[in-house]
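Here the structure is laid out as structure tokens; the discussion comes afterwards.
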Amino acid sequence: MAPFGPDFEWGVATSGFQSEGTPPDSNWARYVADGRTHDPYGSGPDFRHRYAEDIANAAAMGVDTFRFSVEWARVQPRPGEWDEAEFSYYDDVVREIRAHGMRPMITLDHFVFPGWVVDRGGWTRDETIDLWLANAEKVVARYAAQDVTWITFNEPTVFVQKELTFGGLSPLDAPGALDRMVRAHRRAYDLIHRLDPGARVSSNVSYIPAAMGAIDALFTDRVRDKLDFVGLDYYYGVSLDNLTAAAAATEAFYDVRPQPDGIYHAALHFARKYPELPIIVVENGMPSDDGKARADGYSRADHLRDHIYWLQRARQDGANVVGYNYWSITDNYEWGNYRNRFGLYTVDVLTDPALTRRPTDAVAAYRDVTAADGVPADYTPVMPESVCSLVSPPDSCVNTGSSGN
């Protein structure tokens, strides 16, 4: 099994509201303030003031890409009013990423929009498309020619699901909200290519095992001609011997048993469906329960190496996988709680005022992976291959991927 090669793009990811701290008025700041979340937000991991440390930690692992979001609520706090001081902060973030030899991957919308847009009806109103695009134009024009890879909407179907869960949308509003996001993405794709010729543009999709036919139909199929790559987010699988994914329905992601071979089937699903598009894994990571070790001994380093092994197998079997981001560089606010810990670096937001970044075992493991452009040819996954994977049935059950190295 061959390594990926020197052109493969290794990265890490984070997002604005989840990591920056001092959140401005937004839909999510209001959900927290209204007591709709499990944990208070507190200080957050304070990427807003510690970005230099996080970016340096990423660069030290040998990665090529640093993904973050420019928060619409931060740069446009009121209608028609742009905050130059906040844009200067993002200027510094981009400059720091570039100074460390990495490419910025900028997300324009990671589930968050300004409070004043909430007051106007949010994604229930057609007006929001033009408001959103005005912000997109400001951001893209500012960072064009900075070798940016652009993500328009982070996981649009999950975005809508979160709004349903926390009360931002009613079930009757959901189809229209997705329709508007489709229209906004399609226009944004053309806008970005006009302002930043040669840049790559996509919208990452959350891979839901056994449901991707329906999920794709809601968004990705409708923007297929306005994507430069498939942005794949993979976190968990389903198989005859692993039904723990049910825990994801209650946000107890730490109770889901990882299924690394599922990323192989997820990559092949998109390779078959959109053969013209390369694949970048925009997010992949393992949640731990408040930073505690898993009872089965499976570590973050094991999880990382096992998923890279299966991605190499997917590439060997025809999936044009060209990049991989680990979610996330630090623990952060996982949409209502700090219990789900995904960080390469642990940060105890609620108990450590110093917000110390403490490396997990995956930091050294990722450094080794990037240096070798993958795992060794004789690597054996720690987590056994699942029995009849249902990630992309029936193919994923029939085609087990057990063709050897």
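The values are calculated or read from the model by the stated rules, or taken from the named source; none is laboratory data. Owing to the predicted nature of the structure, the values given are computational and were not obtained by experimental measurement. Cβ atoms come from the backbone with ideal geometry, glycine included; neighbour counts cover every protein chain shown. The protein model used for the area step is the full one, side chains on, heavy atoms only, and it has no ligands, DNA or RNA in it. Shrake-Rupley method; radii C 1.70, N 1.55, O 1.52, S 1.80 Å.
Couple of notes before you dig in:
- Test result for ASP91, out of contact with any strand residue (DSSP E or B) (no Cβ under 9 Å at 6 or more places or on another chain) and in contact (Cβ under 8 Å) with a residue 40 or more places away in the chain: yes
- Residues located in the range 343-371, provided they are closer than 27 Å to GLY5 by Cα and part of a loop (DSSP other than H, G, I, E, B): GLY343, LEU344, THR360
- Residue within the range 19-31 that is free of Cβ contacts under 8 Å to residues at least 40 places away in the same chain and open to solvent by less than 30 Å² (accessible area, probe 1.4 Å) present: yes
- Selection from the range 102-137 of residues that are out of contact with any helix residue (DSSP H, G or I) (no Cβ under 7 Å at 6 or more places or on another chain) and open to solvent by 50 Å² or more (accessible area, probe 1.4 Å): ARG103, ASP119, ARG125, GLU127, ASP130
- If you go through the range 76-101 and keep only what is within 22 Å of the chain's Cα centre (by Cα), open to solvent by 10 Å² or more (accessible area, probe 1.4 Å) and farther than 18 Å from PHE17 by Cα, you end up with ARG95, GLU96, ARG98, HIS100, GLY101.
- Of the candidates ALA59, ALA73, ALA52, ALA2, the single residue that is within 23 Å of VAL140 (Cα to Cα), open to solvent by 20 Å² or more (accessible area, probe 1.4 Å) and over 17 Å from the mean Cα position of the chain (by Cα) is ALA52.
- Any hit, the range 158-171, residues being at pLDDT 95 or above, of a type outside the set (A, V, I, L, M, F, W, C), within 22 Å of the chain's Cα centre (by Cα) and under 26 Å from GLY323 (Cβ atoms): yes
- Criterion (touching a Ser or Thr at 6+ places or on another chain (Cβ under 8 Å) and under 18 Å from SER19 (Cα atoms)) met by exactly one of THR356, THR346: THR346
- Residues of the range 177-197 satisfying the condition of being in a helix (DSSP H, G or I) and free of Cβ contacts under 8 Å to residues at least 12 places away in the same chain: ASP179, HIS193, ARG194
- Selected residue (only one of TYR235, TYR189 is hydroxyl-bearing (Ser, Thr, Tyr) and crowded, with 22+ Cβ neighbours inside 10 Å): TYR235
- Unique residue being surrounded by 21 or more Cβ atoms within 10 Å (Cβ to Cβ) and among the small types (Gly, Ala, Ser) when the list is GLY213, GLY198, GLY176, GLY168: GLY168
- Evaluation of TRP132 against (1) touching a residue at least 60 places away in the same chain (Cβ under 8 Å); (2) over 21 Å from the mean Cα position of the chain (by Cα) (one fails), failing number: (2)
- Checking each residue in the range 301-339 for being more than 25 Å from VAL230 (Cβ to Cβ) and not β-branched (Val, Ile, Thr) picks out ALA301, ASP302, ASP331, TYR333, GLY336, ASN337, TYR338, ARG339.
- Of all residue pairs spaced 6 or more apart or on separate chains, those with beta-carbon atoms under 6 Å, a first member in the range 253-274 that is closer than 25 Å to ASP290 by Cα and a second member that is at pLDDT below 95 and β-branched (Val, Ile, Thr) are VAL256/THR244; ARG257/THR244; GLY262/VAL391.
- Within the range 1-53, the set of residues being among the β-branched types (Val, Ile, Thr), within 30 Å of TYR309 (Cβ to Cβ) and in a loop (DSSP other than H, G, I, E, B) comprises THR14 only.
- Any hit, the range 316-338, residues being touching a helix residue (DSSP H, G or I) at 6+ places or on another chain (Cβ under 8 Å), of a type in the set (D, E, K, R) and not in a loop (DSSP other than H, G, I, E, B): no
- Among the residues of the range 329-354, those that are of a type in the set (A, V, I, L, M) and either open to solvent by less than 10 Å² (accessible area, probe 1.4 Å) or free of Cβ contacts under 8 Å to residues at least 60 places away in the same chain (or both) comprise ILE329, LEU344, VAL347, ALA354.
- The range 238-257, residues that are open to solvent by 30 Å² or more (accessible area, probe 1.4 Å), hydrophobic (A, V, I, L, M, F, W, C) and assigned to a helix (DSSP H, G or I): ALA246, ALA249, PHE253
- Within the range 388-402, residues that are over 22 Å from ILE215 (Cα atoms) reach partners that are modelled with pLDDT of 75 or more and open to solvent by 50 Å² or more (accessible area, probe 1.4 Å) with beta carbons closer than 8 Å, at six or more positions or on different chains, in the pairs THR400/GLU385; GLY401/ASP317; GLY401/GLU385; SER402/GLU385.
- Residues in the range 275-328 that are open to solvent by 20 Å² or more (accessible area, probe 1.4 Å) and β-branched (Val, Ile, Thr): 1 in all.
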